[in-house]
There are 2 protein chains.
Amino acid sequence: MKLDSEHLEILAMIVEKGGLTEGAEALGKSQPSVSRTISNLEKRLGMPLFEPGRRPLQPTHFGRMLSEIGMRIYALNREAQTLAQNFTKGYAGHIRIGGTPIFMDGVISHMLADFQERAEGVQFDQSYGYFDSLLGKLRNKMLDMAILPMREDQIPVDCDFRPLIPGRNVIACRAGHPMTRKGPITLQEIDAYSWVAPPADSPLFRDLKGAITSIGSENFRFTFSGGTLASIQSFLIRTDCLTVLPYSVVYLMKGAGQIVSLPIKVAHPDRKLGVLTRKGEALSPMLKTFITFLEGQCENLECRMANEARIAKGRA
Amino acid sequence: MKLDSEHLEILAMIVEKGGLTEGAEALGKSQPSVSRTISNLEKRLGMPLFEPGRRPLQPTHFGRMLSEIGMRIYALNREAQTLAQNFTKGYAGHIRIGGTPIFMDGVISHMLADFQERAEGVQFDQSYGYFDSLLGKLRNKMLDMAILPMREDQIPVDCDFRPLIPGRNVIACRAGHPMTRKGPITLQEIDAYSWVAPPADSPLFRDLKGAITSIGSENFRFTFSGGTLASIQSFLIRTDCLTVLPYSVVYLMKGAGQIVSLPIKVAHPDRKLGVLTRKGEALSPMLKTFITFLEGQCENLECRMANEARIAKGRA
DNA sequence: AAGAATTCATACCATGATGGTATATAGGGA
DNA sequence: TCCCTATATACCATCATGGTATGAATTCTT
């Protein structure tokens, strides 16, 4: 015989509140309604749930035991309600995020950590990739969002792109590198050092080549390539190699005092680092909250970087 | 926003069974019915519970979390069902039982223990009393049943009485008592020993006086009175006192080899020990089961006592 | 790659549970 | 004993639920 959980919850509330009328009020129902519910339940069970003819309506032993189960069901129902609220209000959720390695490690991972603090219910599932694989995963719904550099004319028609920050690159090296001590930098000086490169299939690698070409150097050599940001960073710190990285990444690494950027103008691609999502699909509240958060953080970051640049210019 | 626990259970079952069709089958509903339930739930929550456009209907992160709560609710509901079954089938329940002390301690308590083994869900709440107090408690619904000696003409009109066993009394003493060694017993011999009596307000006390009178003794004295069966038993074992007890009580104590009955005919009141319940009120299944059990046990006991008597007579 | 098969969604109807208002009835207290 | 409050009943409206028939979409198969 199937019992209706709702009925058990009503029973629990009546026992809890110590009366039919009060229970009805707590449930937001009319007194006759709950009265009949209990009456029907008793009829179905074939046993009284309340002592008959007692004014403050005392539960039977049986009624009390059932009501305890009802109370637990009620608590679970409440739990489900708050869970649903957390999800629909964007306090909880699951976000599958993919992005280009360097930028993810160097910038986004910090923001993920910050976001985690304000939305404890969030759960990130991060992966790395470049344009093609990210787009594929996004379309296959294996990702909820992708973070990657993108030119305006590159944006797929079935996707929305929200720019976060310009894709400006800089040449970076360890703090205390010979290059940092001199004033104007000549081509020969740069040519004296070898380079650290990101994986050859990454857009950053193409940027690197473009950047080096743009400053006039033609015969450059790699000492290290293929590593993640952590490897690149470790390598840079311990050698006199140079590399090309997004300025935002270098900016955030500057805090540790180990990596600096060189004041050399490099050609920066007209791409922006941003968020790619499937078009025409409602973003989950959590995702919406998160993207908004990212936009705010990046705006803030850009502002700080601009400040820094102004100061540097003033000093120069 | 109130969620329907039923909906959560349906969700849980679908996730559990891995498909809408199978879930519907497990729930004993039609597929369109549960389909619509889920659809409505998603509409109400404003978030998808299942990944759209996936054929083996995969739950969302959100859907899975909700379904886990639903599963727990489902489990509780099942628990409530078995609880209700146990109560309605008489496998569980609460019995408030009152009775006269000696018979309760000497006979009924054994049967309570035996019953407990076969119906683990039972819960006894025992108390002691005599006719007036027992009847009062019964009428006030502070007791579900009373066990006491009763004459046919004494039965209150608002009560049902089910006899269990005749109220025959015997004179009891310790095993090895001088009286047990002799053949025929004379009045002088009995008069030599003092008596142990139950509480003065008990019917057994009146029986005691009647019994002693019936065997011709007139000047009897009490050495001990007012105790429960345990006290009486302890006292009897360590002294040469005599007492009057229901034969059933003595019979069950004989097993321990410390108390025996004397082969003296005493006037036995035409009362029967039995069960008193309120008339015109449906007995709970548990109570019904229990009373049936008591009747069986007492019938069995009576049979064994009759056997014993036949053997004794044959020996004499 | 197209058709078959399966799985899910929708439309429509019937019914029965639920909820409400009005009202009767029953305990409990003065 | 009477009154007050708490509970039960009667009656009605409605909406959620459940079912059958059917359409749509996706996966499997060939």
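The values are calculated or read from the model by the stated rules, or taken from the named source; none is laboratory data. The structure displayed is predicted, hence computed values, not measured ones. Heads up, the Cβs are rebuilt from the backbone with ideal geometry, glycines too, and the neighbour counts pull from every protein chain shown. Quick note on the areas: whole protein, heavy atoms, side chains included, nothing else; ligands and nucleic acids left out. Shrake-Rupley method; radii C 1.70, N 1.55, O 1.52, S 1.80 Å.
Scanning the range B:107-127 for residues that are within 14 Å of another protein chain (Cβ to nearest Cβ) and open to solvent by 20 Å² or more (accessible area, probe 1.4 Å) yields B:GLY121, B:GLN123, B:PHE124, B:ASP125. Scanning for something touching a Gly at 6+ places or on another chain (Cβ under 8 Å) and either in a loop (DSSP other than H, G, I, E, B) or surrounded by 14 or more Cβ atoms within 10 Å (Cβ to Cβ) (or both), does the range B:176-186 turn up at least one residue? No, the range B:176-186 contains no residue that is touching a Gly at 6+ places or on another chain (Cβ under 8 Å) and either in a loop (DSSP other than H, G, I, E, B) or surrounded by 14 or more Cβ atoms within 10 Å (Cβ to Cβ) (or both). Could you please let me know if A:MET286 is closer than 30 Å to A:THR88 by Cβ, in a helix (DSSP H, G or I) and touching a residue at least 60 places away in the same chain (Cβ under 8 Å)? Spelling it out, A:MET286 is indeed closer than 30 Å to A:THR88 by Cβ, in a helix (DSSP H, G or I) and touching a residue at least 60 places away in the same chain (Cβ under 8 Å). Of the candidates B:LYS288, B:LYS265, the single residue that is among the charged types (D, E, K, R) and farther than 17 Å from B:LYS209 by Cα is B:LYS288. For the range B:53-63, the candidate set comprises residues that are more than 9 Å from chain A (Cβ to nearest Cβ) and open to solvent by 50 Å² or more (accessible area, probe 1.4 Å); within that set, the residue that is modelled with the highest pLDDT is B:GLN58.
When A:GLY280 is tested against (1) at pLDDT 85 or above; (2) under 30 Å from B:PHE62 (Cα atoms), just one condition goes unmet, and that condition is (1). When we screen B:MET13, B:MET104, B:MET1 for residues that are more than 14 Å from DNA strand C (Cβ to nearest atom) and buried (at least 18 other Cβ atoms within 10 Å of the Cβ), the only hit is B:MET104.
Condition check ((1) closer than 30 Å to B:TYR91 by Cβ; (2) more than 10 Å from chain B (Cβ to nearest Cβ)) across all residues:
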site	(1), (2)
A:ALA26	no, yes
A:VAL34	yes, yes
A:ILE69	yes, no
A:THR88	no, no
A:ILE97	no, yes
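Taken residue by residue, the range B:162-174 has no member that is over 17 Å from B:LEU245 (Cβ atoms) and open to solvent by less than 50 Å² (accessible area, probe 1.4 Å).
Residues of the range A:16-26 being within 12 Å of DNA strand C (Cβ to nearest atom) and open to solvent by 50 Å² or more (accessible area, probe 1.4 Å), which ones? Answer for the range A:16-26, where residues must be within 12 Å of DNA strand C (Cβ to nearest atom) and open to solvent by 50 Å² or more (accessible area, probe 1.4 Å): A:THR21, A:GLU25.
Here is the figure for the range B:285-314: residues that are among the small types (Gly, Ala, Ser) and modelled with pLDDT under 85 total 3. Residues in the range B:74-84 include at least one that is in contact with a strand residue (DSSP E or B) (Cβ under 9 Å, 6 or more places away or on another chain) and either in a helix (DSSP H, G or I) or more than 11 Å from every other protein chain (Cβ to nearest Cβ) (or both). When the range B:28-51 is filtered for residues that are in contact with an Asp or Glu (Cβ under 9 Å, 6 or more places away or on another chain) and either near DNA strand D (Cβ under 8 Å from one of its atoms) or open to solvent by 60 Å² or more (accessible area, probe 1.4 Å) (or both), the ones remaining, listed by number, are B:GLN31, B:THR37, B:PRO48. Here is the figure for the range A:12-24: residues that are within 14 Å of chain B (Cβ to nearest Cβ) and within 12 Å of DNA strand D (Cβ to nearest atom) total 1. Each residue in the range B:130-161 was checked for being open to solvent by 20 Å² or more (accessible area, probe 1.4 Å) and hydrophobic (A, V, I, L, M, F, W, C), and 5 pass. Listed conditions (1) away from every other protein chain (no Cβ under 14 Å); (2) open to solvent by less than 50 Å² (accessible area, probe 1.4 Å) are all met by A:ALA92, apart from (1). All conditions but one from (1) away from DNA strand C (no atom under 14 Å from the Cβ); (2) touching a helix residue (DSSP H, G or I) at 6+ places or on another chain (Cβ under 6 Å); (3) within 12 Å of chain B (Cβ to nearest Cβ) apply to A:PRO48; the one that does not is (1).
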